[in-house]
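Read the structure below first, then the notes.
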Amino acid sequence: MKKSIIISLAAIILIANFTPLTYIFTEDYSYSNYNGKFTFVEEGGGYDYKVAKRRYSRYLSDNPGEAAHDKQLYRTFTLKPWRFWEWREMVFNHERFALPYKSPKGVHNR
Amino acid sequence: MQRFILHKFQNFLFAAAFLSGLISCRKDLSLDQRAENQDLLNKDEAKEWIARNFTDTTGQPKKLSAKEDTAKNKSLDVPWDRYTVTRTTEGSYGLIGLDGQPGQYRYQTGYRKLLITKDHRNSVAAYILEILPDGLYLQRKGKPSRKDFYGRIFFYDQHYQLVKGYLYTNGKVAGEIQPSAQKSKQQKQDIRVDRTPVTEYCSWNEDNYVNAKGELVVYAERNCTYTSNSDGMGNAGSIPPSGDYTGSGGGSGGSSDSAPPVSDLPDENKPKIDPAAYMKCFGTLPDAGSKMTITVYVEEPAPGLPFNLGPNSVGHTAIGLTKTYKGQSITQVVGFYPDASGKDKMHAPSKILDNTDLEYNVSITYSVIASDFSKIAAFISRPPATYDLTEYNCTSFAYNACLAGGIKLPDPIGNMGMGTEGMMPAALGGSIRKVGLAGDTNVKGGTVAKTHGPCN
């Protein structure tokens, strides 16, 4: 009985993480610079964290004043480790989750 | 001898007359200049007037900084070094940029100025102006100018009470603003301009904004529309009071003499684009003599593998158009997405995004003639209204766009799982790899360069 529950749970986790379902249920991860003048929201399908990094890099080179003040890119989404359907992202695309957090409200109130 | 003396005397008289004429002219000139200078509001006069009249309830000079701190701010905080004076037909006015940024709808796009006017009767008045350019106008122009200003200018008295204001459209007054007093009514009246009847529809509507002191200001705005069979509206927008209050000579954020940089504008950070505006750019280059290419970029879910899901999620297919004429090149790369989040992405209204910076694994390029290029651009300009993950996704869009221009891409259909088949980036990427060197393909991948962006 216990074994079948474990197998079922494992199957659910695998299906949730390794089928296109993940595209539907994964959060639209969002990012911002320190003052909210640069923001980026992942839209899935090519509009992802890699694009966010490249666009932020261009933004910093276009705005050297901002770069001098704080060039850190912040995540404006909270970590939700209980979302088992996002575990694949947490493992394979860990970098975005390691960014420091800034509340979207805090960013826009600056 | 007598004739010689007479001749000398005559010369002396002429010289004296000429000199006296010259002196009187100079005298008249200096009198005119003095009269003109009397109208001109110089800095000291303006300073003295402000010190005398802009006082708070305790009789102390009023602090005009953005955040009033009554305990600390007893001195007049006007950056007089920014003072500029301008002569008008009614007299003159001085302007000084102040710190503080008013804003509307969460976006701080405005700036403040202190206006001091002086008319021919030496009557002086002063207002604090809060200038709130229209967001889209500011985004397009970068810097407001009086000539084509869109937005609002609010006039405050020395007690920071809203006195009046004007709504500007293309540099002309299109409405007026008053402190709110439940003015929500419609007025209709017939007015006459020359001999042409013009019907004026006016309505007062309440709105609000946050002034530079951080206070919510509710105001009533009067908007008028006019119907006429002639162009008798030509003078309907005379600007009271005259003066270039919007442009140079003003201040922003306490540090600059121009309008603040554009930031945080509505929709500025939203990635959704107008594909028609992107495609319009190609019209700036002539068809004759231009080289035109279509490139389809594929980001495979798992590069080189047939899986529909991998490190790159479900992958993506984008389409790029390039037109080159005599060394000048325009490239636009766009993609088709659902305009939704979560499970709604399955079937949702569509949107087009700019795919600058897309990291692709494979691409394929076709040279096309002008008519086919135009058909593809037209298809992209009016994309299908609905996105469906299985029926019509990013790959379907790129495939059908190419088909509109007579290009048949390598087979994009693959197994989507659960017994269904459909167009997927993984399948298209695999097919392009199979074409290999037979076509103009790139199987080493790369990054999409910055696109041209929209054209108006």
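The values are calculated or read from the model by the stated rules, or taken from the named source; none is laboratory data. As the structure is a computational prediction, the values presented were derived from the model and not from experiment. Positions of Cβ are backbone-derived with ideal geometry, glycine not excepted, and every protein chain shown enters the neighbour counts.
Table for the structure above
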| quantity | calculated |
| --- | --- |
| Unmet requirement for B:LYS434, which otherwise passes all of (1) out of contact with any strand residue (DSSP E or B) (no Cβ under 8 Å at 6 or more places or on another chain); (2) at pLDDT 90 or above; (3) under 17 Å from B:GLY304 (Cβ atoms) | (2) |
| Segment A:68-89, subset of a type outside the set (Val, Ile, Thr), surrounded by 16 or more Cβ atoms within 10 Å (Cβ to Cβ) and without any contact (Cβ under 8 Å) to a residue 60 or more places away in the chain, residue nearest to the other protein chains (Cβ to nearest Cβ) | A:PHE77 |
| Every residue from segment B:369-403 that is surrounded by 20 or more Cβ atoms within 10 Å (Cβ to Cβ) and among the β-branched types (Val, Ile, Thr) | B:ILE376, B:ILE380, B:THR395 |
| Inter-residue pairs, beta-carbon under 6 Å, first more than 7 Å from chain B (Cβ to nearest Cβ) and in a helix (DSSP H, G or I) and in segment A:43-55, second aromatic (Phe, Trp, Tyr) and surrounded by 19 or more Cβ atoms within 10 Å (Cβ to Cβ), 6+ apart | A:ALA52/A:TYR31; A:ALA52/A:PHE40 |
| Matching strands (runs of 3 or more DSSP E) fully within segment B:102-207 where at least 3 residues are in contact with a strand residue (DSSP E or B) (Cβ under 8 Å, 6 or more places away or on another chain) and modelled with pLDDT under 75 | B:172-179, B:186-193 |
| Residue in segment B:330-377 that is farthest from B:CYS455 (Cα to Cα), counting only those that are more than 9 Å from chain A (Cβ to nearest Cβ) and of a type in the set (Ser, Thr, Tyr) | B:SER363 |
| Selection from segment B:307-329 of residues that are surrounded by fewer than 23 Cβ atoms within 10 Å (Cβ to Cβ), under 22 Å from B:PRO410 (Cα atoms) and more than 14 Å from chain A (Cβ to nearest Cβ) | B:THR322 |
| Total residues in segment B:398-432, condition β-branched (Val, Ile, Thr), touching a residue at least 40 places away in the same chain (Cβ under 8 Å) and either under 20 Å from B:ASN355 (Cα atoms) or within 14 Å of another protein chain (Cβ to nearest Cβ) (or both) | 1 |
| Scan of segment A:56-67 for residues that are surrounded by 14 or more Cβ atoms within 10 Å (Cβ to Cβ) and away from chain B (no Cβ under 12 Å), ordered by number | A:LEU60, A:ALA67 |
| Top-ranked residue of segment A:19-38 - restricted to ones that are part of a strand (DSSP E or B) and crowded, with 21+ Cβ neighbours inside 10 Å, ranked as nearest to the other protein chains (Cβ to nearest Cβ) | A:SER32 |
| Qualifying residues in segment B:433-447 (those that are in contact with a helix residue (DSSP H, G or I) (Cβ under 9 Å, 6 or more places away or on another chain) and assigned to a loop (DSSP other than H, G, I, E, B)) - the one farthest from the other protein chains (Cβ to nearest Cβ) | B:GLY439 |
| Test: residue in segment B:336-344 that is acidic (Asp, Glu) and within 22 Å of A:GLU42 (Cα to Cα) | yes |
| Filtered residues of segment B:314-368 (kept if without any contact (Cβ under 8 Å) to a residue 24 or more places away in the chain and out of contact with any helix residue (DSSP H, G or I) (no Cβ under 9 Å at 6 or more places or on another chain)) | B:GLY327, B:SER329, B:SER341 |
